[in-house]
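S.K.: Okay, here's the structure, questions in a sec.
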Amino acid sequence: MKQNKKYFTCGPTELYPDIGRWLQEAIDQKLFSITHRGKEYENIFSGCVTELKALMNIPETHSIFFMSGATECMERIIENLVEEKSAHFVNGAFAERFYTTAKELKKEPYLLSADWGKGNDLSVDISKDTELICITQNETSTGALSPMEEIYALKDRYPDKMMAIDIVTSSPYVKIDFKKIDIAFFSVQKGFGMPAGLGVLIINNKCFEKTLEMKEMNFNIGTYNNFLNAYKYYTLNQNTITPNVPGIYLLWKVCEHLNGIGIEKIRKETEEKASLYYSELKNVNGIEFFVQEEKYRSKTIIVLNVGEKQKAIKEKLISEGYIVSSGYGKFKDTQIRIANFPMHGVEDCKKIIEILKKI
Ligand SMILES: *Cc1c(COP(=O)(O)O)cnc(C)c1O
């Protein structure tokens, strides 16, 4: 039975309508049966890397590693780049996970926390012994973002410290100057409109000097997916293990599709839809933006305080064909979160706003 509801959830979310066709084309060509150590696979790998680099303006200084998801990226980053001290800006659940990952790997991370719904104060001083600064650029649990200009300013104050940013729910929309960003990562079931199970780590090759040093000092840098191994295979257009070929193939096709539209157009549309949500819902009774300070409000994850009407609102939206996310953690029953990714159309966005206004 065909299901016609649209997912405006934060991820997994609505798929690109062409995903089925692209998968079928790959199956028809038997691409999921070929060896991952041959020329034919290398073409898929390099096709994907080329389109992704074009889409996100990633320079040759940076490599692309494929992982199982964003959480694996967090683990590998800590394992391969931090002897002891990472510093984490934490204002929600996903930033917290990054911090917890460092603790679980027996590091001694610094915690720089802000309340949920607030922006991070990136003007604070960072401890001298910090090796890596970690920022969740778009915090999916709360809808608060860290403006890229503030991230660059922090990097300018600490040019010798590596910086890793989680862009899971801001990519591909977010515009990044990779001259200033060492590491960024995302998984594909959010803004890229794909089935889950693929993480993408974008990393400056300079970072591997640290990994090599750590290896020589006998730190545990992990096994198959440590950065030295991953880099070696990256240069061969291959992966360390038999990879998620359907994921890599689909990412190639999605990036090709987005490049066809043009990233600037996608950014403009995302901003137009976001400003519709924020302007149209501003004075609606019973609805309040969780992120109060405008400059920290996410363009891609809209989080609304709706109180006890939450269940009724979600049901009404479902009856009109739209599925949105609940709040996260303790806000589960009093908030809704609406994703605003490139595949989410402006007409649907307007309909959701109309439904919310009537409640
Ligand atoms: C969803 C999400 C993650 C986790 O992604 P996985 O692919 O499930 O590992 C990490 N960070 C942010 C900001 C997210 O939204």
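The values are calculated or read from the model by the stated rules, or taken from the named source; none is laboratory data. Keep in mind it's a predicted model, so treat the numbers as computed, not measured. Positions of Cβ are generated from backbone atoms using ideal geometry, with glycine treated the same way; all protein chains shown enter the neighbour counts. Only protein heavy atoms, including side chains, enter the accessible area calculation; ligands, DNA and RNA are left aside. Shrake-Rupley method; radii C 1.70, N 1.55, O 1.52, S 1.80 Å.
S.K.: Anyone know which of A114, A196, A312 comes out most mobile in the 10 Å Cα GNM of the chain?
M.R.: A312
S.K.: Which order do Y152, Y16, Y110 take by accessible area at a 1.4 Å probe, largest first? Display every interim value, and only then the final one.
M.R.: Details: Y152 40, Y16 15, Y110 65 Å².
My answer, sorted largest first, is Y110, Y152, Y16.
S.K.: Return the inverse of the average 1/r over all pairs of distinct C-alpha atoms in the stretch 191-262, which is the Kirkwood hydrodynamic radius, in Å to one decimal. Intermediate results must be reported in sequence, preceding the final value.
M.R.: Working: mean 1/r = 0.0702 Å⁻¹.
With all distinct Cα pairs of the stretch 191-262 included, I get 14.2 Å.
S.K.: Right, something else. Could you please tell me the mean projected area of the C-alpha convex hull for the stretch 1-72, averaged over all directions and given in square nanometres to one decimal?
M.R.: Working: hull surface 30.1 nm².
The Cα convex hull of the stretch 1-72, projected and averaged over all directions, gives 7.5 nm².
S.K.: How much accessible surface area, in Å² rounded to 10, belongs to the heavy atoms of R97 with a 1.4 Å probe?
M.R.: Its accessible surface works out to 90 Å², give or take rounding.
S.K.: In the stretch 235-299, what is the volume of the convex hull around the alpha carbon atoms, normalised per residue and reported in Å³?
M.R.: Working: hull volume 11.8 nm³, N = 65.
Looking at the stretch 235-299, the number lands at 181 Å³ per residue.
S.K.: Same structure again: What is the Cα radius of gyration of the stretch 157-294 over 2.2 N^0.38 Å, N being its residue count? Don't skip to the end; give the middle numbers.
M.R.: Values: Rg = 19.1 Å, N = 138, 2.2 N^0.38 = 14.3 Å.
Ratio of Cα Rg to 2.2 N^0.38 Å: 1.34.
S.K.: Checking the a/c ratio against 1.5 first, then a/b against b/c, what shape does the Cα gyration tensor give for the stretch 90-144?
M.R.: Values: a/c = 2.44, a/b = 1.30, b/c = 1.87.
Oblate, because a/c is 1.5 or more while a/b does not exceed b/c.
S.K.: What net charge do the residues around K106 carry, taking every other residue with its C-beta under 13 Å from that of K106, with Lys and Arg at +1 and Asp and Glu at -1?
M.R.: -3
S.K.: Which distance in nm do the two modelled labels at K309 and D28 give, with both placed 7 Å along the Cα-to-Cβ direction?
M.R.: Modelled inter-label distance: 4.9 nm.
S.K.: Once you list every other residue whose beta carbon is under 13 Å from the beta carbon of E14, what net charge do they have if Lys and Arg are +1 and Asp and Glu are -1?
M.R.: Residues near E14 contribute +1 overall.
S.K.: Right, something else. Based only on Cα atoms, what Rg/Rh ratio does the chain have, Rh being taken as Kirkwood's radius?
M.R.: The Rg/Rh ratio comes out at 0.97.
S.K.: Now for a different question. What base-10 log of the normalised intensity I(q)/I(0) is obtained for the stretch 110-202 from the Debye formula, alpha carbons as equal point scatterers, at q = 0.23, 0.26 Å⁻¹?
M.R.: Those come out to -1.27, -1.48, one per q.
S.K.: 222 nm [θ] for the chain, helices only, -39500 (n - 2.57) per DSSP H run of 4+, per residue, to 500?
M.R.: Working: 11 runs with 136 residues, N = 359.
So the calculated ellipticity at 222 nm is -12000 deg cm²/dmol.
S.K.: Another question about this same structure. As an exercise, take the mean of 1/r over every pair of distinct alpha carbons in the stretch 123-172, invert it, and state the Kirkwood radius in angstroms. Don't jump to the answer; show the numbers that get you there.
M.R.: Values: mean 1/r = 0.0861 Å⁻¹.
Computed over the stretch 123-172, the radius equals 11.6 Å.
S.K.: Still on this structure, I have one more. With a 1.4 Å probe and all protein chains in place, put V124, V82 in order of accessible area, largest first.
M.R.: On the way: V124 45, V82 0 Å².
Result, largest first: V124, V82.
S.K.: Sticking with this structure for a sec: Counting only the heavy atoms of the protein chains, how much of E108 is accessible to a 1.4 Å probe, in Å² to the nearest 10?
M.R.: It works out to around 100 Å².
S.K.: Something else: On a full-extension model of 0.36 nm per residue, what is the gain between K295 and Y158, subtracting their alpha-carbon distance, rounded to one decimal in nm? Don't skip to the answer; put the middle values down first.
M.R.: Numbers: separation 137, 0.36 × 137 = 49.32 nm, distance 2.32 nm.
Stretched out fully, the K295 to Y158 stretch lengthens by 47.0 nm.
S.K.: Hey, could you get me the Stokes-Einstein D for the stretch 44-157, Kirkwood radius over alpha-carbon pairs, 10 °C and 1.306 mPa s, rounded to whole µm² s⁻¹?
M.R.: Values: Rh = 15.3 Å.
Reported coefficient: 103 µm²/s.
S.K.: In terms of solvent-accessible area of protein heavy atoms at a 1.4 angstrom probe, what is the ranking of E42, E83, highest value first?
M.R.: Heavy-atom accessible area, descending, gives E83, E42.
S.K.: In addition: Calculate the spin-label point distance for A196 paired with S275, positioning each point 7 Å from the Cα along the beta-carbon direction, and give it in nanometres.
M.R.: 3.4 nm
S.K.: Averaged over all directions, how much area does the convex hull of the C-alpha atoms of the stretch 274-347 cover when projected, in nm²?
M.R.: Details: hull surface 20.6 nm².
Taking a quarter of the hull surface, the average projection is 5.2 nm².
S.K.: Starting at 0 and stepping by 10 Å, how many percent of the alpha carbon pairs of the stretch 222-353 end up in each bin?
M.R.: 10, 30, 24, 21, 13, 2
S.K.: Which one, N138, N220, N340, has the greatest fluctuation when you compute a Gaussian network model over the chain with C-alpha springs under 10 angstrom?
M.R.: Among N138, N220, N340, the largest mean-square fluctuation in the Gaussian network model of the chain belongs to N220.
S.K.: For a paramagnetic label modelled at 7 Å from the Cα of E104 toward its Cβ, which residues of the stretch 60-89 fall within the zone defined by backbone nitrogen distances under 12 Å?
M.R.: Hits in the stretch 60-89 for E104 at 12 Å: 71-76.
S.K.: Right, next: Summing Lys, Arg as +1 and Asp, Glu as -1, what charge do residues with Cβ under 11 Å from the Cβ of N120 carry, N120 excluded?
M.R.: On the way: positive: K118; negative: D115, D121, E139, E150.
Net of charged neighbours comes to -3.
S.K.: Hey, another quick one. I'd like the Kirkwood hydrodynamic radius of the stretch 220-262, using the inverse of the mean 1/r over distinct C-alpha pairs, in Å. Could you put the intermediate results ahead of the total?
M.R.: Values: mean 1/r = 0.0834 Å⁻¹.
It works out to 12.0 Å.
S.K.: Can I ask one more? Round to a whole angstrom and tell me the spacing of the C-alpha centers of the stretch 183-211 and the stretch 11-27.
M.R.: 20 Å
S.K.: In vacuum, with every alpha carbon of the stretch 36-77 counted as one equal point scatterer, what does the Debye formula give for log10 I(q)/I(0) at q = 0.17, 0.35 Å⁻¹? Two decimals, please.
M.R.: -0.60, -1.05
S.K.: Follow-up. Have a look at P172, P243, P159 and tell me which one the Gaussian network model of the chain (Cα, springs below 10 Å) gives the largest fluctuation.
M.R.: P159
S.K.: Same structure, new question: For the stretch 33-110, what is one quarter of the convex hull surface built on the Cα atoms, given in nm²?
M.R.: The directionally averaged projection comes out at 7.4 nm².
S.K.: Could I ask something else about it? Counting only the backbone N, which residues of the stretch 322-357 are under 14 Å from the spot 7 Å out from the Cα of Q3 toward its beta-carbon?
M.R.: 322-325
S.K.: What accessible area per residue comes out for the chain, rounded to a whole number of Å², with a 1.4 Å probe?
M.R.: Numbers: 16000 Å² over 359 residues.
Using a 1.4 Å probe on heavy atoms only, each residue of the chain averages 45 Å².
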